[in-house]
1. In the range 140-162, which residue that is in contact (Cβ under 8 Å) with a residue 40 or more places away in the chain and of a type in the set (Val, Ile, Thr) is surrounded by the fewest Cβ atoms within 10 Å (Cβ to Cβ)?
2. Residue under question is PHE110, and the condition is that it be buried (at least 16 other Cβ atoms within 10 Å of the Cβ), in contact (Cβ under 8 Å) with a residue 40 or more places away in the chain and assigned by TED's automatic domain parsing to the domain that holds SER16; does it hold?
3. Tally up the residues in the range 117-139 that are in contact (Cβ under 8 Å) with a residue 12 or more places away in the chain and polar (S, T, N, Q), please.
4. Kindly indicate whether ALA78 is within 30 Å of ILE144 (Cβ to Cβ) and either at pLDDT 95 or above or assigned by TED's automatic domain parsing to the domain that holds LYS137 (or both).
5. Of the residues that make up the range 18-40, is at least one in contact with a helix residue (DSSP H, G or I) (Cβ under 8 Å, 6 or more places away or on another chain) and either among the basic types (Lys, Arg) or in the same structural domain as GLY108 (by TED's automatic domain parsing) (or both)?
6. Go through VAL94, VAL125, VAL135 for me and flag whichever is surrounded by 15 or more Cβ atoms within 10 Å (Cβ to Cβ) and not in a strand (DSSP E or B).
Amino acid sequence: MNDLSGQYLKIGKIFSAHGIKGYVKIFPLTDDTERFYDLKHVFIKEKENMHLLSIEDILLKDKFVLIKFNQISNRNDAEKFKDFFIYVDRAQAVKLDKDEYFIEDLIGLFAYDENNINIGAVSDVIQTGSVDVLVIKGQKEFLIPALKKNVQPLIDQGMIKVNTAGGVESD
């Protein structure tokens, strides 16, 4: 698992400045964009340091989130944060339903196929909109749709069981 998985959860990526007042435009990495309204602050990782930014205003715009941080007062300052991810600490995380998982909790898990053979580790999760796809890298690469019939997460054991027949294999 990555170094932030224990304490922080990635919830969005800043991809541009918006307007002249210092708003940033964020691509949400969460299913529930309304959850941003409940936030008072977020963290941004710069190198190995986490910086706390307090939220002044939030606007939901189409599929994006616009945030005005107290620490950013103009477009030039906002542009410096392009390509940064924003995080919340786990205490601010939304409550998940049964059989729902945070992406950060899946990254790095060892994947075992239907014959209990280690086929690699989860290296990424591609969010397609309809169903997430797990990228498992080992000697081969597998793309496995994250459907109940294909994936059984066993996070407390540091692994997942996958049905490779339900996915795509590449060299």
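The values are calculated or read from the model by the stated rules, or taken from the named source; none is laboratory data. As the structure is a prediction and not an experimental result, all values here were calculated from the model. With ideal geometry, Cβ positions are generated from the backbone for all residues, glycine too; neighbour counts draw on all protein chains shown.
1. Restricting to residues being in contact (Cβ under 8 Å) with a residue 40 or more places away in the chain and of a type in the set (Val, Ile, Thr), the top hit is ILE155.
2. Here the answer is no, as PHE110 does not meet what is asked.
3. Residues in the range 117-139 being in contact (Cβ under 8 Å) with a residue 12 or more places away in the chain and polar (S, T, N, Q): 4 in total.
4. Judged against the criteria, ALA78 is not a match.
5. Yes, the range 18-40 contains a residue that is in contact with a helix residue (DSSP H, G or I) (Cβ under 8 Å, 6 or more places away or on another chain) and either among the basic types (Lys, Arg) or in the same structural domain as GLY108 (by TED's automatic domain parsing) (or both).
6. Testing whether each residue is surrounded by 15 or more Cβ atoms within 10 Å (Cβ to Cβ) and not in a strand (DSSP E or B) leaves just VAL94.
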